[in-house]
Amino acid sequence: MSASSADPGSRRDAPRVLDVVLVKAGRTKIRYRAELLHDDGTRLTVRAAWAGAGVRDFGFVRFEPGDVFTEYYWRDRWYSVKEVRDGEGVLKGWYCDIARPAVVTAGEVVCEDLDLDLWRSADGRTVLRLDEDEFAESGLENTDPPAASAARAALDELERAALEDGFETLLIPPADATH
């Protein structure tokens, strides 16, 4: 059996809690504990409470204590998708980070943020491309052109998915997807 077909999320000996480590510009931006929900060897799904300090108001959404994030990371894609719900379970929307493919080891998932982001509101009326200015200032276009190209393609892919089916197809577990 290949490593990509393994399902560590369903094995009894697999860790049920792990650290999520978000890295930006070579430094740890934030580290927090998350519950492992599923790992099929390609996509990892975790759930965690809002790990930020206090309230973070973006203008189009507020992240605050009590919010719950169901986060999807891929080992082969240049993004992660975070479904955001308030403490009562009401969907706020999806916050997507453009990032290098996740690196998963025993006990942690590491994701390197590449500045670009996308937001889709719960009702689907608002889809926003975010931080393109930060991405341009990062210098990635000059220091790592293939990564910059992959990041831009990932943002375009997520925007299409947000507008077409609201991530429904993207977030269905592979075993449940119908072809």
Next item on the list: State yes or no: is THR105 closer than 21 Å to ALA51 by Cβ and open to solvent by 20 Å² or more (accessible area, probe 1.4 Å)?
Entry: yes
Notebook entry, point to check: When the residues of the range 46-60 are filtered to those that are in contact (Cβ under 8 Å) with a residue 60 or more places away in the chain and under 21 Å from ALA99 (Cα atoms), which remaining residue is surrounded by the fewest Cβ atoms within 10 Å (Cβ to Cβ)?
Noted result: PHE58
Checklist line | Tally of residues being open to solvent by 40 Å² or more (accessible area, probe 1.4 Å), in contact with a Lys or Arg (Cβ under 7 Å, 6 or more places away or on another chain) and closer than 25 Å to GLU134 by Cβ across the range 15-45 | finding: 0
Next item on the list: Can you tell me which residue within the range 108-136, out of those that are closer than 21 Å to TYR72 by Cβ and acidic (Asp, Glu), is surrounded by the fewest Cβ atoms within 10 Å (Cβ to Cβ)?
Entry: ASP123
Margin query: Could you check the range 67-100 and list, in sequence order, the residues that are under 17 Å from LEU37 (Cα atoms) and aromatic (Phe, Trp, Tyr)?
Written below: PHE69, TYR72, TYR73, TRP74
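Do the conditions hold for GLY139, that is, is it open to solvent by less than 30 Å² (accessible area, probe 1.4 Å), modelled with pLDDT under 95 and under 20 Å from PHE60 (Cα atoms)? Give the derivation first.
Details: open to solvent by less than 30 Å² (accessible area, probe 1.4 Å): yes; modelled with pLDDT under 95: yes; under 20 Å from PHE60 (Cα atoms): no.
No: the conditions fail for GLY139.
Which one of these is more than 30 Å from GLY41 (Cβ to Cβ) and aliphatic (A, V, I, L, M): VAL90, VAL104?
After applying the criteria, what remains is VAL90.
Every residue in the range 61-88 that is open to solvent by 20 Å² or more (accessible area, probe 1.4 Å) and in contact with a Ser or Thr (Cβ under 8 Å, 6 or more places away or on another chain), please. Don't jump to the end; show me each part of the working.
If we filter the range 61-88 for residues that are open to solvent by 20 Å² or more (accessible area, probe 1.4 Å), which is where we start, we get 62, 64-66, 68, 72, 75-78, 83, 85-88.
The answer is TYR72, ARG75, ASP76, GLU83, ARG85.
I need the full set of residues from the range 96-127 which are within 19 Å of ARG85 (Cβ to Cβ) and among the acidic types (Asp, Glu), in order please. Give the derivation first.
Pass one, the range 96-127, residues within 19 Å of ARG85 (Cβ to Cβ): 96-97, 117-127.
Across the range 96-127, the qualifying residues are ASP97, ASP117, ASP123.
The values are calculated or read from the model by the stated rules, or taken from the named source; none is laboratory data. Bear in mind that the values here come from a model prediction, so they are computed numbers and not experimental data. Glycine also receives a Cβ, built like all others from the backbone with ideal geometry; neighbour counts cover every protein chain displayed. SASA here: full protein model, heavy atoms, side chains in, ligands and nucleic acids out. Shrake-Rupley method; radii C 1.70, N 1.55, O 1.52, S 1.80 Å.
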